[in-house]
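The values are calculated or read from the model by the stated rules, or taken from the named source; none is laboratory data. No experiment lies behind these values; they were computed from the predicted model shown. Every residue, glycine among them, receives a Cβ derived from its backbone with ideal geometry; neighbour counts consider all protein chains shown. Surface accessibility is based on the protein's heavy atoms, side chains included, excluding ligands, DNA and RNA. Shrake-Rupley method; radii C 1.70, N 1.55, O 1.52, S 1.80 Å.
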Amino acid sequence: MPSTYNGIGTHYYGHKNSETRSATCHSCGRAANLESYDTRLWFVVVFIPVIPLGRKRIIDQCPFCKRHYAVDADQWETSKQLNVSGAMERYQSDQTPETAMEAHQQLLNFHQNAEATEFRREIEEKFRQNAKLQAYLGVALSGKGMAADATQYFQRALELRPDLPEARVGMALDHIRNNRLAEARKLLDFLETPGAVQLYSLEPLETLANAYQRAGQHEEALQLYHCLIEALPHAGQISGFRKTVQKSEKALKRKETMLPKRKFSWKNFFGRNQQRSAKVPVLTWRGLAILTGLIVIGVSIAAVRNEYVRRHRTLYIVSGLKEPATVEIRGVGTMRTSARAEGMKLGEGKYHAVVSGPLREEFDFEVRTDYWDRFSGDPVWVLNVGGSALLLESHVTYQRDSPPPPKLVPHFGRPFEKIEPITHPFVALPETIRMESNQRRTLSHLDFFREPPARMITYFQLNGRAADALRLSEWRIRLQPEDEEALSAFTSLAAPKRAEEVLRAGLQRRPVKISWHRIYQNLHRGREWNTWLAVEYDEMLKAEPKNSALLYLRGRIASGPGESEQWFAKARDADPKNPYPHFALGFHRAAVGDWAGARPMYARAVELAPAGAEFSEALFGCRLALQEYEPLEKELRAKLASQPRDFQTASHLVDVLAAQERSTEAAGVLTTYSKQVQSLGAENARLLTLALRRQFLYSSGDFAALAREAASDRTPAGRNALFTAQVELGKVAEAERVHPIDEPKNSDPFHFIAMSLAWIAAGDSKKADPWLQRGLQLLAAGSGDEARAVALFGPDAVPTAEQLQALGLHPKGKAILLAALGLLKPEQRKMLHAEARRLNVDRSYPYQLVRRVTAEQR
């Protein structure tokens with residue numbers, strides 16, 4: 001490198017023919033955009049160029065450390081012409097994959113990027129069936145920092161040769177970048193075999209192990225670190241590697257380490273880096289005395305700081321109760337809870353808490369950390385009154401490009417808890433932080449979850465965290481029994497016996513929680529269950545004969561539609577302001593396709609309970625059936641203008657526009673909504689936008705796009721979307737692999753009947769029969785209406801309009817049933833399919849399937 005002293009020396013002047021590439025600096029090891037350019041070296045006096053010393057080609061100059069390679073520009077140009085031209089001539093005379101790779105590499109070596117790109121496009125098609133060349137292109141693009149483009153070549157190479165190491169490593173690194181660690185490990189399993197180090201670099205294995213550690217999968221990380229130690233014993237002596245292994249061992253609370261005993265080395269003791277200096281450090285008595293003094297001062301400062309930290313801890317007192325509570329920490333003080341976290345200063349030790357107010361509780365707790373943890377840890381101690389507050393711990397990674405989604409951990413139900421590490425307790429995280437472009441940093445945040453708990457439950461369900469969703473939903477319904485969304489989630493997630501125990505315990509609450517009773521009644525299907533429930537509710541009505549809620553609930557388990565309507569009418573008369581009887585009477589009108597008759601009853605239920613999601617959904621479906629498109633659109637757009645992030649309003653508007661085949665305008669609603677929800681956080685915005693987009697694609701009939709989008713989504717929501725798309729595309733065999741016919745958790749009879757429709761539509765009646773029989777079997781075990789529906793499928797049965805009117809089934813399920821029945825009863829097909837089309841209003845799956853099957857049979 002040029003150098004000057006007091007303005008005299010050598011210096012570069014000039015800068016042209018610049019080229020950059022993304023790579024790792026050979027000197028400082030940082031990932032950066034390395035620059036190559038032409039310049040001229042001058043002898044300078046007071047930085048004024050005096051004597052030219054020749055043209056230079058600067059190669060791979062790092063923007064951070066400024067180190068680079070420099071060669072004579074003329075020699076560089078000559079060498080470039082000889083090497084590039086020679087390689088291209090060899091390729092032209094013998095067009096093989098080997099000569100193609102050599103020519104392309106020479107173009108890259110001499111930074112002929114445009115020519116290399118053009119040549120790459122030529123050879124990638126010419127040798128499309130050559131796995132080695134496809135893998136080479138992937139490696140070449142990876143070295144240029146074009147990881148996304150490289151992936152397609154690795155994928156192609158892997159399809160051609162599943163055993164090709166370069167292709168497996170390349171695809172594995174792509175999986176690691178996208179947090180698909182299990183798939184990456186399958187591809188790198190050949191590196192875990194004994195002796196692999198003799199043939200391959202184990203660097204990808206270490207990269208995967210580090211990724212497992214970042215994802216909190218420490219067991220898998222340690223398995224890979226063990227393989228590395230076995231293959232490379234000297235790795236166990238490297239400080240950085242040892243710290244990485246110890247981090248995972250600490251996370252798993254391992255008492256014994258897999259690391260070999262550290263060997264003593266004076267080089268390690270003095271920290272000498274042989275790459276930077278060949279000088280041997282010399283320790284004199286004077287130096288030893290100074291070092292000892294510095295150590296004593298440092299230890300003293302550390303001891304004082306440690307003691308200060310020990311005596312000045314913060315206990316955060318939180319509450320999710322509507323009324324404030326009083327918390328007394330004996331020997332410290334008393335504090336009254338509020339809507340925010342209240343901090344109380346105390347030293348580490350054992351304490352006794354007394355809580356009074358809305359509830360009374362006493363318990364002992366301890367605030368304590370290890371001596372060394374006080375220097376680096378970020379623990380937070382939280383006293384949660386009655387375990388009533390829902391707190392959310394989030395770990396957010398800051399980096400320049402494509403940061404991973406935050407890791408979320410809920411905290412609730414415990415009166416006292418130590419949570420670590422937390423860098424920002426009950427204060428907002430910064431929007432941005434200053435770092436180097438290649439750095440990444442993770443901050444942790446703890447605060448109240450201010451949204452309805454049902455949203456957090458839904459988030460866990462969409463991300464495959466069913467255990468967290470179950471624990472949160474059970475906590476929520478014990479604290480707030482009227483939370484219908486949490487109640488529904490708990491019932492769907494809990495084991496049947498557990499759900500029955502929890503729900504039965506709440507039946508005697510007064511006033512009656514109708515939503516609680518409804519879900520309890522729906523725990524089981526069948527006439528025996530309904531008969532037993534009828535006896536139980538008759539006993540309750542003996543004590544409270546005018547209780548509108550109990551009269552309504554008794555009607556839900558009546559033996560037939562006529563009897564049910566009598567109970568509902570009694571419930572309405574007993575309390576005209578109870579929305580449920582109005583809703584139930586409207587349901588019976590909707591079940592026979594009398595949408596005009598159902599509308600005023602649904603509207604009255606919504607008027608009495610505007611927040612009732614079930615009521616508003618039923619009224620919306622009724623108005624959709626009556627084709628009230630213009631007023632619906634006007635109302636929904638007005639509501640969306642005032643509540644732009646409301647998912648239900650946006651989804652309703654998409655359905656209204658799709659029903660009119662106005663797909664372009666529906667897509668515009670999706671685009672606007674996606675922008676509006678960005679303020680909810682990247683992950684929440686992604687999930688909400690994805691759910692609305694999938695609804696839009698299905699409602700508008702773009703099943704191919706729906707399949708492409710859901711193909712790589714392994715979450716339950718993604719699997720359901722893929723299943724739906726495959727059914728509608730006629731790929732029923734692929735759909736069966738997503739939802740197999742013997743799946744034990746699926747007890748919805750209409751799901752199986754819909755699949756029989758799909759197979760018939762695909763032209764295979766034999767495969768349709770097992771699905772139909774499974775659906776009819778489940779219907780036969782259900783309520784009276786469901787059992788009566790099965791009888792219509794008998795070989796000698798001739799369904800009549802009166803029999804159809806008597807079936808009090810949900811319009812969506814009834815439409816599926818009649819569509820299937822019409823295919824089996826050709827003589828009544830016209831009537832059955834006309835009725836199915838009248839009931840087929842809900843635009844979610846299998847709306848399009850029923851529409852297609854019944855339309856084809858007109």
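Restricting region 177-200 to residues that are of a type in the set (S, T, N, Q) and without any contact (Cβ under 8 Å) to a residue 40 or more places away in the chain leaves a set whose member that is surrounded by the fewest Cβ atoms within 10 Å (Cβ to Cβ) is Gln198.
Of the residues making up region 214-267, those that are within 23 Å of Asn179 (Cβ to Cβ) and in a loop (DSSP other than H, G, I, E, B) are Ala215, Gly216, Gln217, Leu252.
If we scan region 642-649, do we find a residue that is under 22 Å from Glu485 (Cβ atoms), open to solvent by less than 20 Å² (accessible area, probe 1.4 Å) and in contact with a Leu (Cβ under 9 Å, 6 or more places away or on another chain)? The answer is yes, given that some residue of region 642-649 is under 22 Å from Glu485 (Cβ atoms), open to solvent by less than 20 Å² (accessible area, probe 1.4 Å) and in contact with a Leu (Cβ under 9 Å, 6 or more places away or on another chain). Of the helices (runs of 4 or more DSSP H) lying entirely inside region 743-858, those containing at least 1 residues that are more than 30 Å from Leu653 (Cβ to Cβ) and over 37 Å from the mean Cα position of the chain (by Cα) are 765-780, 784-791, 801-805, 811-824, 829-839.
Would you point out the residue of region 732-761, among those that are more than 26 Å from Leu687 (Cβ to Cβ) and surrounded by fewer than 17 Cβ atoms within 10 Å (Cβ to Cβ), that is modelled with the highest pLDDT? Top of the filtered list is Ala733. So, Leu550, is that one at pLDDT 90 or above, closer than 21 Å to His810 by Cβ and surrounded by 17 or more Cβ atoms within 10 Å (Cβ to Cβ) or not? Answer is no for this residue. Counting residues in region 361-374 that are of a type outside the set (S, T, N, Q), under 38 Å from the mean Cα position of the chain (by Cα) and closer than 30 Å to Gly681 by Cα gives zero.
May I ask you to verify whether Leu533 is at pLDDT 85 or above, within 23 Å of Pro749 (Cα to Cα), out of contact with any strand residue (DSSP E or B) (no Cβ under 6 Å at 6 or more places or on another chain) and surrounded by 13 or more Cβ atoms within 10 Å (Cβ to Cβ)? Against the criterion (at pLDDT 85 or above, within 23 Å of Pro749 (Cα to Cα), out of contact with any strand residue (DSSP E or B) (no Cβ under 6 Å at 6 or more places or on another chain) and surrounded by 13 or more Cβ atoms within 10 Å (Cβ to Cβ)), Leu533 qualifies. With respect to the stated conditions, Ala638 fails to be under 20 Å from the mean Cα position of the chain (by Cα) and small (Gly, Ala, Ser).
Kindly establish whether Val169 is over 28 Å from the mean Cα position of the chain (by Cα) and not in a loop (DSSP other than H, G, I, E, B). Answer is no for this residue. Would you check which residues across region 294-319 are in contact with a helix residue (DSSP H, G or I) (Cβ under 9 Å, 6 or more places away or on another chain) and open to solvent by less than 40 Å² (accessible area, probe 1.4 Å) and list them? Of everything in region 294-319, those that are in contact with a helix residue (DSSP H, G or I) (Cβ under 9 Å, 6 or more places away or on another chain) and open to solvent by less than 40 Å² (accessible area, probe 1.4 Å) turn out to be Ala302, Asn306, Val309, Ile317, Val318, Ser319. Scanning for something over 27 Å from Leu624 (Cβ atoms) and at pLDDT 90 or above, does region 701-708 turn up at least one residue? The answer is yes; a qualifying residue exists.
So that you can scan it fast, the table gives a plain yes or no per residue for (1) open to solvent by 60 Å² or more (accessible area, probe 1.4 Å); (2) touching a residue at least 24 places away in the same chain (Cβ under 8 Å); (3) closer than 29 Å to Arg518 by Cβ:
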residue: Tyr602; (1), (2), (3): no, no, yes
residue: Ala625; (1), (2), (3): no, yes, yes
residue: Ala658; (1), (2), (3): no, yes, no
residue: Ala667; (1), (2), (3): no, yes, no
residue: Ala682; (1), (2), (3): yes, yes, no
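If you go through region 790-807 and keep only what is open to solvent by less than 20 Å² (accessible area, probe 1.4 Å) and closer than 21 Å to Ala618 by Cβ, you end up with Leu804, Leu807. Could you tell me whether region 685-692 includes any residue that is crowded, with 17+ Cβ neighbours inside 10 Å, within 19 Å of the chain's Cα centre (by Cα), assigned to a helix (DSSP H, G or I) and among the charged types (D, E, K, R)? Looking through region 685-692, none of the residues is crowded, with 17+ Cβ neighbours inside 10 Å, within 19 Å of the chain's Cα centre (by Cα), assigned to a helix (DSSP H, G or I) and among the charged types (D, E, K, R).
Scanning for something of a type in the set (A, V, I, L, M), touching a residue at least 24 places away in the same chain (Cβ under 8 Å), closer than 22 Å to Leu687 by Cβ and open to solvent by 50 Å² or more (accessible area, probe 1.4 Å), does region 447-464 turn up at least one residue? Looking for residues that are of a type in the set (A, V, I, L, M), touching a residue at least 24 places away in the same chain (Cβ under 8 Å), closer than 22 Å to Leu687 by Cβ and open to solvent by 50 Å² or more (accessible area, probe 1.4 Å), one finds at least one in region 447-464, hence yes. Answer yes or no as to whether Ser473 is of a type outside the set (D, E, K, R) and under 16 Å from Phe412 (Cβ atoms). It is true that Ser473 is of a type outside the set (D, E, K, R) and under 16 Å from Phe412 (Cβ atoms). Please tell me if Asp174 is surrounded by fewer than 16 Cβ atoms within 10 Å (Cβ to Cβ) and not basic (Lys, Arg). For Asp174, the condition - surrounded by fewer than 16 Cβ atoms within 10 Å (Cβ to Cβ) and not basic (Lys, Arg) - is not met. Please identify the pairs in which a residue from region 81-109 that is within 17 Å of Ala131 (Cα to Cα) has its Cβ atom under 6 Å from the Cβ atom of a residue that is among the β-branched types (Val, Ile, Thr) and crowded, with 20+ Cβ neighbours inside 10 Å, counting only partners at least 6 apart or on another chain. Between residues of region 81-109 that are within 17 Å of Ala131 (Cα to Cα) and residues that are among the β-branched types (Val, Ile, Thr) and crowded, with 20+ Cβ neighbours inside 10 Å, the close pairs are Ala100/Ile123.
Take the conditions surrounded by 14 or more Cβ atoms within 10 Å (Cβ to Cβ), under 28 Å from Ala682 (Cα atoms) and without any contact (Cβ under 8 Å) to a residue 60 or more places away in the chain and apply them to Val396. Does it pass? Here the answer is yes, as Val396 does meet what is asked. Considering only region 301-319, I want to know if a residue exists there that is at pLDDT 90 or above, in a loop (DSSP other than H, G, I, E, B), within 17 Å of Phe416 (Cβ to Cβ) and not β-branched (Val, Ile, Thr). Within region 301-319, one or more residues are at pLDDT 90 or above, in a loop (DSSP other than H, G, I, E, B), within 17 Å of Phe416 (Cβ to Cβ) and not β-branched (Val, Ile, Thr).
Residue count for region 492-505 satisfying the condition of being closer than 19 Å to Glu614 by Cβ and modelled with pLDDT of 85 or more: 1. Selection of region 1-11 for residues being assigned to a strand (DSSP E or B) and either at pLDDT 70 or above or at negative phi (or both) yields Thr4, Tyr5, Ile8, Thr10, His11.
Does Gly593 satisfy the condition of being in a loop (DSSP other than H, G, I, E, B) and open to solvent by less than 50 Å² (accessible area, probe 1.4 Å)? So Gly593 passes the test. A Cβ distance below 6 Å, combined with a sequence gap of six or more or placement on separate chains, defines the contacts here; from region 416-428, residues that are open to solvent by 60 Å² or more (accessible area, probe 1.4 Å) reach residues that are assigned to a strand (DSSP E or B) in the pairs Lys418/Trp381; Pro421/Ser444.
Residue-wise test of (1) under 23 Å from Ala685 (Cα atoms); (2) modelled with pLDDT of 95 or more; (3) part of a helix (DSSP H, G or I).
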{"site": "Met601", "(1), (2), (3)": "no, yes, yes"}
{"site": "Ala611", "(1), (2), (3)": "no, no, no"}
{"site": "Phe615", "(1), (2), (3)": "no, no, yes"}
{"site": "Arg645", "(1), (2), (3)": "yes, no, no"}
{"site": "Gln648", "(1), (2), (3)": "yes, no, yes"}
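Residues in region 813-841 that are within 20 Å of Leu626 (Cα to Cα), surrounded by fewer than 20 Cβ atoms within 10 Å (Cβ to Cβ) and charged (D, E, K, R): Arg837, Arg838. Quick check: is even one residue across region 322-332 touching a helix residue (DSSP H, G or I) at 6+ places or on another chain (Cβ under 8 Å) and closer than 15 Å to Pro415 by Cα? Yes, that holds for at least one residue.
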